[in-house]
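The structure under discussion appears below in the form of C-alpha cells.
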Amino acid sequence: MLFQERQRQTEVQRQQITSLAGEVRALLEAELNASLHLTSGLITYIQARHGQLQASEIDPWLSGLIKQGRHIRNIGLAPGNRITYIYPLAGNEAALGLYYPDIPTQWPAVEQAIRERRPMLAGPVQLKQGGSGFVYRVPVYLDHDTYWGIISTVIKADQLLAMTTRMARDRGLDISLARIDAQGAIVQSILGQQNGADPAAIQLQVTIPGDQWLLTATQLKTKTSGTETFWLRSIGWLISLTLAVLVFLLLCANARRTAMLQALADSQQRFTRAFETAPQGMALLDLNGRWLDANDALCRLIGYTRDELRALTLSTLTHPNDVARFIGDHARSAQQELRLLSKSGASIDCLVSAAQVDSQPPSLIAQIQDIREQKHLERMKSEFVSTVSHELRTPLTSIAGSLGLVAGGALGEIPAEMRQMLDIAQQNSLRLEQLINDLLDMEKLAAGRMSFELREQALQPLLEEALANNRSYAEKYAVRFQLSGGSDLHVRVDGLRLQQVLANYLSNAAKFSPAGSTI
C-alpha cells in the first residue's frame, strides 16, 4: 500500500512538471516565433524590388518590426554576404561592413543556410558589437534562381534565456536547453547543464523556425540541513515500520495533493493570462478539432465570439480545399498555411502552428497568425511578372519575324555591313524572347502546370545540338566547347527541356572559364 501511494505521488509530480514545462515551452516558442516571423515580408519586398534597397522605404518598416519584436537587437541586410545595412545602427556600428566569409565562427552556418536554401537559427554567438545573440539567417533568391544575399535577425540571447529561466523558476522548475539534430541527439548546450539522466526529468522538443531544441525540466530542489535530512530518514523508517505512522503519512499525502492542486490552479491562471494577452491568435482545441477556447485576438480576426466558436470545429471554419490538413498525428507540431473562413464568409490566409498539451483529455494549443498581407505581396509579384512577360512577347515576336524577313532578302539584297548588324539584332531578339519564355516557364512550374513530352531518343545528337546552339555564346568569352568521344546511349527525356538545362550549364561554364580555355 505504501509503495502504491509513493508511485501515485511520483506520477502526480511528473504530470505537474510536464504541465509546467509545457507552459514554459509554449511561451518560449511564442516569443521566438513572434520575433523571427516579423521579417518574412522583407523577403518579398527585396524580390519585388529585384534586390535594390531604398533606405527611405525600409527604415520605417524596420522601425516597426523592432518595436514589435521585444527581443530583437537588430536586423541586417547582407547582399553578396556583406552587411551593408543594419537597423538600428546605434550600438551595432561594429557589424556594419562585415563580410561573412571572413568570419570563421559564423561562415559555416551561413554557408549551410545558402547551400540548403532554408532559414537557419544559429547561436548563441559572440557578436562583434558586443554581447551574445541568436542569429536567424534567411537566404534570399531573386528571379532566375539568382542568389542575392542574407537577411539576419539578431535576438538578444542573454535577455531571452534570462526570461526563460525566470519563467521556469516562477513555476518551481530547473530547466536546461540544448540544440538537437534530426535524430534527436544533442549537438550543443544552450542553457544550463543537461540532466536527462535524472529519472524525474521531463524532456520536451521545442519547435522554432530553422532549428530544433530540447527542453529538459526537473523540480527545483531546495537545500536542507544535515539535521533535517537525518530526521526525514528517521521518520521514513518509522513510517515503514508502524501502521500509525502509515496513516499519518496518508493524511500528509492528502494535504500535499491539495497543495499540488492549488499550485496547478495557480499555474493555469498564469497560463490563462499569457494566453489572453498574446498579440497573435491563440486557441485550444481537442484532438477532433473542436474549439475549446480562443483569445480576443483570434475572435477579432475571424469575427466569432467565444461561445459561437465552441459550437464549431476547425474543419467547419477551414476552406474546403484545406480541410483535414491540420488535425492529425503527423501535423500536430508542424506549421502549415491554412485558409480560415471568417463569420462573413471571407477567406483569411493564416500560418497555423500547434503543439499537443499533456492534459486529460489531451488537447492542442494553436497559434494562428494573419499572413494576408504577405500573400498579397506574393500575388502582386507573380501577377507583375506574368503580365510583363505576356505584354512583351507579342511585340518581340513581331520584331523577330520582321528581322528574319529582312535578313532573308524579302526587301532586296542587303549590304554585308548591314547584314552583320541585322544578324546581331535578330539573334538578340530571339534571345530576349527565350528569356521571356523562361519567365513564363517559371510561372508554370510554380503553379504546377508545366507539361513535359517525354520520349526515348539518342543522347549524342542532343549533346551535339546543345553545343551548336551555344557555340556563338562561348565565342563571346573566347572559349570553345569540345565533345569528347561518342555515345550510343538512349534516354527518355523532353528534348526541348533538356536543351534548356544544357544551355544553362554551358552558358555558366563559358561565362566563368578563363579566356582561351576548352570546356
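Values as computed for the structure displayed
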read-out	value
Residue 245 paired with residue 54, simple spin-label distance in nm, labels 7 Å along Cα-to-beta-carbon	8.2
Theoretical FRET efficiency, 1/(1+(r/R0)^6), r = Cβ-Cβ of residue 394 and residue 465, R0 22 Å, to 0.05	0.20
Aspartates and glutamates with Cα under 14 Å of residue 221, excluding same-chain neighbours fewer than 8 positions away	170, 174, 198
Hits among lysines - C-alpha to C-alpha of residue 511 under 30 Å, sequence gap 8 or more where chains match	381, 444, 476
Span-rule helices in the chain, defined as complete DSSP H runs reaching 15 Å or more along the axis (Cα) with Kyte mean at least 1.6	none
1.4 Å probe accessible area per residue over the range 333-467, in Å²	62
Cα→Cβ-extended label distance, 7 Å offset, between residue 170 and residue 142, nm	4.6
Computed magnitude of the charge dipole of the range 338-394 (debye, nearest 20; Cβ of K, R +1, Cβ of D, E -1)	180
Members of 67/375; 156/375; 67/128 lying beyond 27 Å, as alpha-carbon distances in this model show	156/375
Protection-proxy order for peptides 107-116, 506-515, 145-154, each taking the mean of Cβ atoms within 10 Å per residue, highest first	145-154, 107-116, 506-515
Highest to lowest packing among 298-310, 434-446, scored as the average C-beta count within 10 Å	298-310, 434-446
Answer label, with percent of Cα pairs over 41 Å apart calculated from the coordinates and candidates [x] 33; [y] 43; [z] 19	[y]
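The values are calculated or read from the model by the stated rules, or taken from the named source; none is laboratory data. If you're wondering where the values come from, they're calculated on a predicted model, not measured in any experiment. Quick reminder, even Gly has a Cβ in these numbers, built from the backbone with ideal geometry, and neighbours come from all protein chains shown. SASA here: full protein model, heavy atoms, side chains in, ligands and nucleic acids out. Shrake-Rupley method; radii C 1.70, N 1.55, O 1.52, S 1.80 Å.
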